[in-house]
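Visitor: I'd like to ask you about the structure that follows.
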Amino acid sequence: MAGVHASESFHPFIPKDLILPDYVPIRLHQSTILGVYGCASVLVVSFVWILAGRFPKISKVDKILMCWWVFTGLTHMILEGYFVFTPEFFKQKNPTYLAEVWKEYSKGDSRYVGRDSAVIAVEGITAVLEGPACILAAYAIATRKSYSHLLQIAIALGQLYGTAVYFITSFLEGEGRYLIRNSQNLTSFHLGFANKMQNSFHLGLF
């Protein structure tokens with residue numbers, strides 16, 4: 001019984017009474033997680049920038065937008081898609097990089113590791129619908145489709161709505177329960193906050 005209690009209680013998330021059976025501690029350091037993500041992001045943006053240059057009459061602004069949409073779309077589909085479709089990521093005995101990302105991210109908002117239904121719904125819609133839509137938006141810009149601006153506005157509004165739902169549900173459920181205030185996890189909270197706020201900046205692209 002004592003062993004079960006320990007496996008359920010010994011974790012870095014708030015609240016401490018959050019039950020996570022068979023939880024496997026984070027193995028990657030935060031700097032490693034950020035470093036890998038940063039390098040992958042640079043590679044993606046660089047590739048899209050070079051690819052965009054092969055399309056005729058593409059301005060620098062269009063190139064920036066294409067990089068943004070591809071980067072955002074892949075983030076939604078890969079990172080958030082993994083979270084949605086891997087509910088027991090915190091139990092993996094040999095955790096993947098993405099599992100480590102979400103355990104680290106959950107230090108800033110334990111609703112993720114706790115599988116909160118509102119968070120799953122928002123992230124599911126983002127990964128399945130908005131992720132591919134972002135890639136389509138990049139394609140529409142490159143090929144100068146007539147629906148390009150309308151699609152980008154639709155995605156931006158969807159992101160703004162998702163961000164609003166994220167913060168409103170956090171407030172209604174008790175902000176102190178999920179938003180960590182101790183210095184040990186402050187960076188993780190800032191990462192989560194920045195990720196959600198960047199979604200609301202989609203509208204600023206127009």
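The values are calculated or read from the model by the stated rules, or taken from the named source; none is laboratory data. Since the structure is predicted, the reported quantities are computational estimates derived from the model, not experimental observations. With ideal geometry, Cβ positions are generated from the backbone for all residues, glycine too; neighbour counts draw on all protein chains shown. Side chains are part of the model used for accessible areas, which takes the heavy atoms of the whole protein and leaves out ligands, DNA and RNA. Shrake-Rupley method; radii C 1.70, N 1.55, O 1.52, S 1.80 Å.
Visitor: Quickly run through segment 59-83 and pick out the residues that are open to solvent by less than 30 Å² (accessible area, probe 1.4 Å) and either in a loop (DSSP other than H, G, I, E, B) or not aliphatic (A, V, I, L, M) (or both).
Guide: Hits for segment 59-83 are Cys67, Trp69, Thr72, Gly73, Thr75, His76, Glu80, Gly81, Phe83.
Visitor: Tell me whether segment 136-158 contains one or more residues that are open to solvent by 60 Å² or more (accessible area, probe 1.4 Å), part of a helix (DSSP H, G or I) and over 23 Å from Ile78 (Cα atoms).
Guide: Scanning segment 136-158, I find at least one residue that is open to solvent by 60 Å² or more (accessible area, probe 1.4 Å), part of a helix (DSSP H, G or I) and over 23 Å from Ile78 (Cα atoms), so the answer is yes.
Visitor: Pairs, please: C-beta under 7 Å, at least 6 apart or cross-chain, first residue touching a residue at least 24 places away in the same chain (Cβ under 8 Å) and in segment 24-46, second open to solvent by less than 50 Å² (accessible area, probe 1.4 Å) and not in a helix (DSSP H, G or I)?
Guide: Short answer, once both residue conditions are applied: Val24/Gln92; Val24/Pro95; Arg27/Pro95.
Visitor: Enumerate the pairs (first residue in segment 70-88 and over 17 Å from Gly162 (Cα atoms); second residue anywhere and open to solvent by less than 30 Å² (accessible area, probe 1.4 Å) and not hydroxyl-bearing (Ser, Thr, Tyr)) with beta-carbon separation below 6 Å, excluding pairs fewer than 6 apart on the same chain, so at least 6 apart or on different chains.
Guide: Here the result reads Val70/Val48; Val70/Ala138, each pair linking segment 70-88 to a residue that is open to solvent by less than 30 Å² (accessible area, probe 1.4 Å) and not hydroxyl-bearing (Ser, Thr, Tyr).
Visitor: Taking Glu173, is it modelled with pLDDT of 95 or more and more than 20 Å from Leu65 (Cα to Cα)?
Guide: Spelling it out, it is not the case that Glu173 is modelled with pLDDT of 95 or more and more than 20 Å from Leu65 (Cα to Cα).
Visitor: Answer yes if at least one residue in segment 50-65 is within 22 Å of Phe171 (Cα to Cα) and among the acidic types (Asp, Glu), and no otherwise.
Guide: No: segment 50-65 contains no residue that is within 22 Å of Phe171 (Cα to Cα) and among the acidic types (Asp, Glu).
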